[in-house]
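Read through the structure below, which is laid out as structure tokens, and then see the notes.
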There are 6 protein chains.
Amino acid sequence: MIVMTVFAHPDDMEVHCGGTVRKLSSAGHRVIEVIMSKGNNGGDEEVREREAIEGAKCLGVDRVEFLNHEDGRISVDPESIDAVRALISKFEPDVVFTHSPNDTHQDHRRTFRIVTSAVSKFPEVTVLMGEGPSTVGFQPVVYVDVTDVLEKKLEAVRVHRSQVERGAISEEMVMKTAEFRGMEIGVKYAEAFEAFRISGSLLLG
Amino acid sequence: MIVMTVFAHPDDMEVHCGGTVRKLSSAGHRVIEVIMSKGNNGGDEEVREREAIEGAKCLGVDRVEFLNHEDGRISVDPESIDAVRALISKFEPDVVFTHSPNDTHQDHRRTFRIVTSAVSKFPEVTVLMGEGPSTVGFQPVVYVDVTDVLEKKLEAVRVHRSQVERGAISEEMVMKTAEFRGMEIGVKYAEAFEAFRISGSLLLG
Amino acid sequence: MIVMTVFAHPDDMEVHCGGTVRKLSSAGHRVIEVIMSKGNNGGDEEVREREAIEGAKCLGVDRVEFLNHEDGRISVDPESIDAVRALISKFEPDVVFTHSPNDTHQDHRRTFRIVTSAVSKFPEVTVLMGEGPSTVGFQPVVYVDVTDVLEKKLEAVRVHRSQVERGAISEEMVMKTAEFRGMEIGVKYAEAFEAFRISGSLLLG
Amino acid sequence: MIVMTVFAHPDDMEVHCGGTVRKLSSAGHRVIEVIMSKGNNGGDEEVREREAIEGAKCLGVDRVEFLNHEDGRISVDPESIDAVRALISKFEPDVVFTHSPNDTHQDHRRTFRIVTSAVSKFPEVTVLMGEGPSTVGFQPVVYVDVTDVLEKKLEAVRVHRSQVERGAISEEMVMKTAEFRGMEIGVKYAEAFEAFRISGSLLLG
Amino acid sequence: MIVMTVFAHPDDMEVHCGGTVRKLSSAGHRVIEVIMSKGNNGGDEEVREREAIEGAKCLGVDRVEFLNHEDGRISVDPESIDAVRALISKFEPDVVFTHSPNDTHQDHRRTFRIVTSAVSKFPEVTVLMGEGPSTVGFQPVVYVDVTDVLEKKLEAVRVHRSQVERGAISEEMVMKTAEFRGMEIGVKYAEAFEAFRISGSLLLG
Amino acid sequence: MIVMTVFAHPDDMEVHCGGTVRKLSSAGHRVIEVIMSKGNNGGDEEVREREAIEGAKCLGVDRVEFLNHEDGRISVDPESIDAVRALISKFEPDVVFTHSPNDTHQDHRRTFRIVTSAVSKFPEVTVLMGEGPSTVGFQPVVYVDVTDVLEKKLEAVRVHRSQVERGAISEEMVMKTAEFRGMEIGVKYAEAFEAFRISGSLLLG
């Protein structure tokens, strides 16, 4: 299986689906991480790029692609859509993880729009949307047990020192979310996802 | 994988997910079909029971369980929930297929309610809801390519002669739905499903 | 302020809004607890009645009213609505806490229906809906910080020994929910509520 | 009756409501077609303009207005709203057909926003939203039997050779959608629409 | 045009769509009024029957059919659906007016369910849902200007003396709703409706 | 209590929540009014600024802050969010009133987005959304009785002479909305609000 993550900022993948990514990479699946913006509003771009690469390594990501949008100004336009579409065309992912459309951060909502536009020509691709500190009214349907990899997820989150220090993300937030979603399906820790579209061949074999 | 279908009447499984069931049984998965009512409002119960068994055979169903609710009066009460829960407990399905809550037939809506109540103690079970002639406002997220098995699905639908003759169901309706859902994902024929809850281990391995 | 809780079974109030109730009773507000059914499906009625009374005492509830519906068969009919309406008329609550309509338990959904029907003649009454193990798709808008009273809530939950022992409820579930909702508003523990209608004079003084 | 269609690109009117337009023009109603962008991302503008004019002729459109937005960059701003509002003011349509807000193409969503903003001063105008290849979660309420004019609709779609050749639209997609929507209301072919607002005098005479 | 109204109680038609009914009957259309229950919870059945007949006369209704459900206990079952279906089959209405599914009165919600089930075999029938004192979260799309007939609607409401006296309905409530809905479309008084399904031939000729 | 209103144009606060603001200021609460744009599309900026200041005085607003966005082009970007966040940080409001996301005016939708983004770091702040002439599908949960202050609200609306004269707002529209919302809760005049998030300590003390 080829997995692609398309999130707005350097630490979003870790927070929204780090456990699932680690689980998939450990099982031998290839993971491509796309980062829309280096997150200059939340810190120094070079620092954040290094943290992203370190976080990716921690979770077994195969490759990180930076799309260089300006932080806070990701725009839903032909170029931004074409750039993501080109990556989907190149790497042929089976699953794409991205943001929920119900999110108070404009870059997150717009990244979702860009992804769903980009996949319009690839109807066999499964698209799942993750949960983070700015999602609101999140209505998950897919639950992934991440008990075995939670420690790795936390490690990957900690790697984003610049964001942990300014309080944008925290281990505590990640833990409590994982415990709550885990409780909903009777496991210790889980990550939950909304679904835009799911391929039956992926789900049912 | 163990698959369970819980639909209201003898022909509902064939119409809502017959292709997917055939695909799963052909791949070696065990399918248990639960039928809430023998459908006495739509014909003779004995005839309909025979048609159900013939339809099940046609699709590779392993076992058919009749729950003997009165047609049109399926009731969401402790007995009806316990009966479905007992079957889930006994057969331990990975996936349950049932009706959509958005359906103009009271038995369909109530079967959905019974199923979601019955699975409340089995959070690892994936629950998907299918599309039929009385669903309204259907919002599918899971698409199954049934191109290879469409002919078998049609055959299983034809088996319900008593319903085809009175116009309750038709090959044409099944075909047009399969073509439309297929078009949405770029294949010839598909079945589409709403999702109540999806197990990540099923979806992502 | 007069507060009324209307939940289906003896342990529901404790789980859905026990912290908020304790907070309100401690602040000198009068709390009336209405219990629709003694919960005979989940244990012995006498035992459950005693547990309910003990739980109520633990949270500072002023009075417990039992409406004696049969467990699993609460019915939305003129008598059930009139019974709740009579209590609202008698005690004149400012706020009523009840179940969410999005709940897989039929008694919970129906209790919500009965309450919203009963309050139709009392438009000044605020109606809030709580979160429990069978709510689904919960979309809270009101958050109550219950950090100071969480221990008391847990104590009230523990009082329902018959339910804790059979695994219907657990401290762990209550804790994890309280932590997650707390995290959403930046406090240690919170209870969250959906809102049917909120009186401006209550909210804004 | 005066009918106005406001779609993003040169082929959208034909795909989303070509049958209905043909039916209305044949019945003697005047149809004004507004095209927001000449669709430079999908081909040569001059070619697409010619195709649009040919498609319009095929369906009996009285007049085509081009608004010259850049493809993929339609913007919801005072100028774009004023331009549509001016056309509504000038032609005084009874019905406006436009895109659904639930669409993965940004130009489609934004055209919907522009139209609903533009009609805010014309509350007597009926606004209906059509279905195309990029609509998602479409929830139609209005169904138009287009059996008699389906051939003309297909002809109008074929006219957009540049788009058919690059696979952006196809007769097959149009046919399957028409068959599915037709099936839903018991006719051979239909077009379906969501409704933003419907004038009672139009519906009930 | 043949119009059918299917409401739960003797005064519901007048309140929910009395203006529209008067307008249609005045224009020469035939109106059949179906009343599910004689409303024994709200007064004497004989009195209410007389008031219903008087109200119907006032609005130009051609015929009143009583279905004799018990007030507060309308049940969604084969008999109740068949009874409404038989009337639809007999009178062949083009439009059916009924309750909104979003209503705090159980009889209203269930009447909506019965109607949408009954029309499932008549996909050409337009179904609209009206607004009354117990509707909640009403989301109208169809607006009918009732300025010319508002006085007649008020007269028909007043006819239900037993209900006006006990405060179940009032001219004031009807007036304020008509003014608000009128304001939304720029006329003096209007009635507004949600739509389940609208026939294109009715809307567009 | 500190109250902040954040609306797009100089007359929006008066129309959407003028009664509530007056009530709060009269009760001794401090009200800060933030105006995103001076509304140059609807008149002369200097005139509109004067009207805003006069309207604010009429309702007891303590302070008016102008953010100088261009009318019709309010943009959801880091600067616009930071500007509102800085004001929230400075004035520490308990409640923020803003636009509903369901509004046909782009500036209104975007102001809602900016506000919900700005408050993301202030989870204790209650956010309510008001109703005006361009809101659609409004689903209020909070109702404020403004009977005592309606005359003051109308006076504050009249102050916006430039807008009343061009028909953008009117006393009649304000009156009819207040009467309708009042009717829903059994008082003479009310203002109604949707809720994004409500602090339990505000609601329940």
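The values are calculated or read from the model by the stated rules, or taken from the named source; none is laboratory data. Since this is a predicted model, take the numbers as computed values, not measurements. A quick note on method: Cβ atoms are made from the backbone with ideal geometry, for glycine too, and the neighbour counts reach across all protein chains shown. Quick note on the areas: whole protein, heavy atoms, side chains included, nothing else; ligands and nucleic acids left out. Shrake-Rupley method; radii C 1.70, N 1.55, O 1.52, S 1.80 Å.
So, in region C:110-131, how many residues would count as being part of a loop (DSSP other than H, G, I, E, B) and open to solvent by 10 Å² or more (accessible area, probe 1.4 Å)? Give the steps one after another, and end with the answer.
Going residue by residue through region C:110-131, those that are part of a loop (DSSP other than H, G, I, E, B) are C:122-125, C:131.
Subsequent filtering for residues that are open to solvent by 10 Å² or more (accessible area, probe 1.4 Å) retains C:122-124, C:131.
The total comes to 4.
Could you tell me how many of the residues in region F:175-190 are in a helix (DSSP H, G or I) and at the interface with chain C (Cβ under 9 Å from one of its Cβ atoms)? Even if it seems obvious, please write down each step before you answer.
Of all residues in region F:175-190, those in a helix (DSSP H, G or I) come to F:175-185.
This time we only want the ones that are at the interface with chain C (Cβ under 9 Å from one of its Cβ atoms), so: F:184-185.
Of the residues in region F:175-190, 2 are in a helix (DSSP H, G or I) and at the interface with chain C (Cβ under 9 Å from one of its Cβ atoms).
Name the pairs whose Cβ atoms lie under 8 Å apart, with the first residue in region D:34-57 and over 15 Å from D:His69 (Cα atoms), the second open to solvent by 10 Å² or more (accessible area, probe 1.4 Å) and in a helix (DSSP H, G or I), and 6 or more positions between them or separate chains?
If the second residue must be open to solvent by 10 Å² or more (accessible area, probe 1.4 Å) and in a helix (DSSP H, G or I), the pairs left are D:Val47/D:Ser162; D:Glu51/D:Arg161; D:Glu51/D:Ser162.
Against the condition of a type in the set (Ser, Thr, Tyr), closer than 30 Å to E:Gly72 by Cα and out of contact with any Cys (no Cβ under 6 Å at 6 or more places or on another chain), how does C:Thr177 come out, does it pass?
Details: of a type in the set (Ser, Thr, Tyr): yes; closer than 30 Å to E:Gly72 by Cα: no; out of contact with any Cys (no Cβ under 6 Å at 6 or more places or on another chain): yes.
No: the conditions fail for C:Thr177.
Does C:Arg22 count as among the basic types (Lys, Arg), within 14 Å of chain B (Cβ to nearest Cβ) and more than 25 Å from C:Gly200 (Cβ to Cβ)?
Numbers: among the basic types (Lys, Arg): yes; within 14 Å of chain B (Cβ to nearest Cβ): no; more than 25 Å from C:Gly200 (Cβ to Cβ): yes.
Taking the combined requirement at face value, the residue does not satisfy it.
Filter region C:180-191 down to the residues that are without any contact (Cβ under 8 Å) to a residue 40 or more places away in the chain and buried (at least 20 other Cβ atoms within 10 Å of the Cβ), then identify the one that is nearest to C:Val144 (Cα to Cα).
First, the residues of region C:180-191 that are without any contact (Cβ under 8 Å) to a residue 40 or more places away in the chain: C:180, C:182-183, C:186.
Filter once more, so that each one left must be buried (at least 20 other Cβ atoms within 10 Å of the Cβ): C:180, C:182-183.
Details: C:Phe180: 12, C:Gly182: 8, C:Met183: 12 Å.
Top of the filtered list is C:Gly182.
Checking the condition more than 15 Å from D:Glu51 (Cβ to Cβ) and touching a Pro at 6+ places or on another chain (Cβ under 7 Å), which residue from D:Gly137, D:Gly186 passes?
Working: D:Gly137 fails: touching a Pro at 6+ places or on another chain (Cβ under 7 Å).
Being more than 15 Å from D:Glu51 (Cβ to Cβ) and touching a Pro at 6+ places or on another chain (Cβ under 7 Å) holds for just one of D:Gly137, D:Gly186, which is D:Gly186.
Identify, by number, the condition in (1) out of contact with any His (no Cβ under 9 Å at 6 or more places or on another chain); (2) at negative phi; (3) more than 14 Å from chain F (Cβ to nearest Cβ) that C:Val149 doesn't meet.
Condition not satisfied by C:Val149: (3).
Are there any strands (runs of 3 or more DSSP E) wholly within region A:1-109 with 2 or more residues that are open to solvent by less than 30 Å² (accessible area, probe 1.4 Å) and within 30 Å of F:Val119 (Cβ to Cβ), and if so which? I'd like the intermediate steps shown before the answer.
Values: elements: A:2-7, A:30-37, A:63-69, A:95-99.
Answer list for region A:1-109: A:2-7, A:30-37, A:95-99.
Given the conditions (1) within 14 Å of the chain's Cα centre (by Cα); (2) farther than 23 Å from B:Glu172 by Cα, report the number of the one that B:Pro133 does not fulfil.
(2)
Somewhere in region E:191-205, is a residue β-branched (Val, Ile, Thr), within 30 Å of B:Ser134 (Cα to Cα), at the interface with another protein chain (Cβ under 9 Å from one of its Cβ atoms) and part of a strand (DSSP E or B)?
Narrowing region E:191-205 to residues β-branched (Val, Ile, Thr): E:198.
Then drop every residue that is not within 30 Å of B:Ser134 (Cα to Cα), which leaves E:198.
Keeping just the survivors that are at the interface with another protein chain (Cβ under 9 Å from one of its Cβ atoms) gives E:198.
Applying the additional criterion that residues be part of a strand (DSSP E or B) yields E:198.
Yes, there is a match, as at least one residue in region E:191-205 is β-branched (Val, Ile, Thr), within 30 Å of B:Ser134 (Cα to Cα), at the interface with another protein chain (Cβ under 9 Å from one of its Cβ atoms) and part of a strand (DSSP E or B).
If you go through region C:160-179, how many residues are closer than 13 Å to A:Gly182 by Cβ and either without any contact (Cβ under 8 Å) to a residue 12 or more places away in the chain or buried (at least 22 other Cβ atoms within 10 Å of the Cβ) (or both)?
Taking region C:160-179 as the starting set, the residues that turn out to be closer than 13 Å to A:Gly182 by Cβ are C:172-173, C:175-177, C:179.
Filter once more, so that each one left must be either without any contact (Cβ under 8 Å) to a residue 12 or more places away in the chain or buried (at least 22 other Cβ atoms within 10 Å of the Cβ) (or both): C:172, C:176-177, C:179.
Count: 4.
Scan region A:27-42 for residues that are away from chain F (no Cβ under 14 Å) and closer than 19 Å to A:Arg158 by Cβ and report the count. Break it down stepwise before answering.
Our first condition is that a residue be away from chain F (no Cβ under 14 Å); within region A:27-42, this holds for A:27-36, A:38.
Filter once more, so that each one left must be closer than 19 Å to A:Arg158 by Cβ: A:33, A:35.
Of the residues in region A:27-42, 2 are away from chain F (no Cβ under 14 Å) and closer than 19 Å to A:Arg158 by Cβ.
Quickly run through region A:129-155 and pick out the residues that are within 23 Å of F:Ser120 (Cβ to Cβ) and touching a residue at least 60 places away in the same chain (Cβ under 8 Å).
A:Met129, A:Gly130, A:Glu131, A:Gly132, A:Pro133, A:Lys153
Given the criteria facing another protein chain (nearest Cβ under 9 Å) and of a type in the set (D, E, K, R), does C:Glu172 qualify?
yes
Within region E:120-135, restricting attention to residues that are touching a Ser or Thr at 6+ places or on another chain (Cβ under 6 Å) and more than 22 Å from E:Met1 (Cα to Cα), which residue is nearest to the other protein chains (Cβ to nearest Cβ)?
Applying the filter and picking the extreme gives E:Ser134.
Does any residue of region D:134-155 turn out to be open to solvent by less than 10 Å² (accessible area, probe 1.4 Å), among the β-branched types (Val, Ile, Thr) and over 15 Å from D:Thr20 (Cβ atoms)?
no
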